[in-house]
Structures are given as C-alpha cells and as structure tokens.
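Reading through the structure tokens given below for one structure.
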Amino acid sequence: MVVVLPQPPLLVPELAGAAAAETADLRAACRTAAARLGAAASTWVAVGADEGGRRTVGPDTRGTFAGFGADVVVALDPASTAPVDRDLPLPLLVAGWAAAGTGARVRGELVAPDAPPRECAELGAGLADEPVGLLVVGDGSARHTVRAPGHLDERSGPFDAAVAAALRDADPAALAALDPDLGTELWAAGRAPWQVLAGATAGGRWSGELLYTGAPFGVGYHVAVWTRCPA
C-alpha cells in the first residue's frame, strides 16, 4: 500500500492554533490514511525531499517540532530511545507524527528537492520490491494565492489539479511526467517524492483514492491511498 501525505507542521494540533478548525478535514484525512497504512504494514519507508540531499535515515531516530513552535517529539520507531534530533527534516517529522499509534517502524529515504526525475525513478524502482508500506510526504505548490508563501502564480492551479488527478487515478506515468523546473518555480516540495512514487509503482496495477485535496493558506495539499490490485 502507498499513502501520500502533505507536510505542513499545522497538522500537529499543538501547532495549528487558530487554524485548527480550518485544517480539521485535512488532519482527519491524514489520520485515516496513516491508520490504513498501519493496518497494512508494520514497516514503512517514508520518502521526502530535503535540502540535505539524498540519504537514508534509520528507524532508531527521534525528532521534534520545536523549530516550528512546539516541542512535540516524534519517533520513527515507537521503541526508540535515541537522543532527539532537533534538525530532523520536516518530511520525517510528519512521518513520525503519522506513524504514532500505528506501531509502525519507519525508515526515511530523502532526496534533494531538485533531484532529477531519473534519479527519483531509480530510487523508486529500488523500493518497488520491498515488503513495506510506502509513505510519500510532500506539498503541492506554495503559490496559490497572493498571501501564499511564494506569492501568487496562476500556474499553481493547473499543476495541483494534475497532481490530484494522478493521485486519484493511481497514475504513475502522470507523476513521472511532472516538470521538475515548473515544480521548483511553484515551490512544490512534493514533486521529487511523487516521482519516487512513480518509480516504485511503474508497471503495477493500482487503485487510487483521493481523500483530500485543497490549498488552505495558499499551499496545495493532497492525501491519497493507493492499493495494489489483485493479479
């Protein structure tokens, strides 16, 4: 099974503040998707993008959302007693938050935000045969409105509509075809992780469910679940 989540820190109730009500549906969709992944697999691989580039982060890792305003500690393994990494990248913080309560053990696989599609596809292909749940973490365009983090870019709407359709239809080819330069211009942190997903699922038959799509605060967020179809 594959689950796709966004990575806004405001998913964490302690960080949501006045936005808690506005993001309640998003948070609920994330919780539902994570619970389904936890029911399907006790071991997850979480894929995300980070400026530190390509690397693997082992399950015996803990991190905190302190840098985003609240010292909420999350673990990639519920049994971990490792020192808290105060610089754990946001996609893995969100992965730890999503895994909480599921009992899942999570390994992180990070790529650079500007990783070329071929590199993403190769990483995904290497994950394809692992007997794990795949958690893909990343946002859509952060340029949907004039108050968005990247200000308004009219191309954001079509870009995220295409992503939502690809996630709904479980269409790896459509994700693989995303333009990396456009993704960079639109501040779309999910472009590279979604293309890892494309590499991991290429050639298979999948059923997709889009649990949430929207752009609160001018940032595109998508929540989806892909289930492998019977042979």
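The values are calculated or read from the model by the stated rules, or taken from the named source; none is laboratory data. Keep in mind that this is a model prediction, so the values were computed, not measured. Glycine gets a Cβ as well: all are built from the backbone with ideal geometry, and neighbour counts include every protein chain shown.
When you look at ASP139, is it within 18 Å of THR213 (Cα to Cα) and crowded, with 24+ Cβ neighbours inside 10 Å, yes or no? Yes. Considering (1) among the hydrophobic types (A, V, I, L, M, F, W, C); (2) in a helix (DSSP H, G or I); (3) at pLDDT 95 or above, the lone condition that VAL47 does not fulfil carries the number (2).
The number of residues in region 127-136 being closer than 29 Å to GLU185 by Cα and either more than 17 Å from the chain's Cα centre (by Cα) or crowded, with 24+ Cβ neighbours inside 10 Å (or both) comes to 3. Of all positions in region 13-26, at least one carries a residue that is part of a helix (DSSP H, G or I), within 22 Å of ASP77 (Cα to Cα) and of a type outside the set (A, V, I, L, M). When you look at ARG105, is it touching a helix residue (DSSP H, G or I) at 6+ places or on another chain (Cβ under 9 Å), of a type in the set (Lys, Arg) and crowded, with 24+ Cβ neighbours inside 10 Å, yes or no? So ARG105 fails the test. For beta carbons closer than 9 Å, sequence separation of 6+ or different chains, a first residue in region 182-204 that is at positive phi and a second that is among the aliphatic types (A, V, I, L, M), the qualifying pairs are TRP187/ALA142; TRP187/ALA148; TRP187/VAL219; GLY203/ALA128. Answer with yes or no whether ALA24 is hydrophobic (A, V, I, L, M, F, W, C) and without any contact (Cβ under 8 Å) to a residue 24 or more places away in the chain. In short, yes.
Restricting region 67-92 to residues that are surrounded by 13 or more Cβ atoms within 10 Å (Cβ to Cβ) and small (Gly, Ala, Ser) leaves a set whose member that is nearest to LEU135 (Cα to Cα) is ALA75.
Note on region 64-89: residues that are in contact with a Phe, Trp or Tyr (Cβ under 8 Å, 6 or more places away or on another chain) and either in contact (Cβ under 8 Å) with a residue 60 or more places away in the chain or of a type in the set (Asp, Glu) (or both) amount to 2. On inspection, TYR212 fails the criterion of being crowded, with 24+ Cβ neighbours inside 10 Å, farther than 20 Å from LEU123 by Cβ and touching a residue at least 12 places away in the same chain (Cβ under 8 Å).
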